[in-house]
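Single-structure report; data block below.
The values are calculated or read from the model by the stated rules, or taken from the named source; none is laboratory data. As the structure is a computational prediction, the values presented were derived from the model and not from experiment. For neighbour counting, all protein chains shown are included, and Cβ atoms are generated from backbone atoms with ideal geometry for every residue, glycine included.
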């Protein structure tokens, strides 16, 4: 009877033990990309408080930061490690459409 494959590239007789990904702290560059535009955008309204248009800068900074954060989050989310009884495979997301597999 043929066994079903748990992942692409699984060898015959290879048993999947578990799958894991890096800790969320490994994605610290994404957190910095969220924090820095927001903090830099918040400085001008603190200095010139009489100009109401400047209060939109933190919102713009938050929007830009969220875009950068979402990119890094997706790269973290779709990078994982597969541990079998024969080997360890690292599947790394490269951009939005590419993956790199290291055995």
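What the table shows:
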{"read-out": "Test: residue in segment 34-42 that is outside the structural domain of residue 59 (by TED's automatic domain parsing) and outside any loop (DSSP other than H, G, I, E, B)", "value": "no"}
{"read-out": "Any hit, segment 35-55, residues being modelled with pLDDT under 95 and either under 30 Å from residue 6 (Cβ atoms) or touching a strand residue (DSSP E or B) at 6+ places or on another chain (Cβ under 7 Å) (or both)", "value": "no"}
{"read-out": "Single match in 31, 69, 73, 96 (criterion: touching a residue at least 12 places away in the same chain (Cβ under 8 Å) and either closer than 30 Å to residue 11 by Cα or in contact with a strand residue (DSSP E or B) (Cβ under 9 Å, 6 or more places away or on another chain) (or both))", "value": "96"}
{"read-out": "Within segment 46-81, considering residues that are buried (at least 17 other Cβ atoms within 10 Å of the Cβ) and over 19 Å from the mean Cα position of the chain (by Cα), the one farthest from residue 94 (Cα to Cα)", "value": "54"}
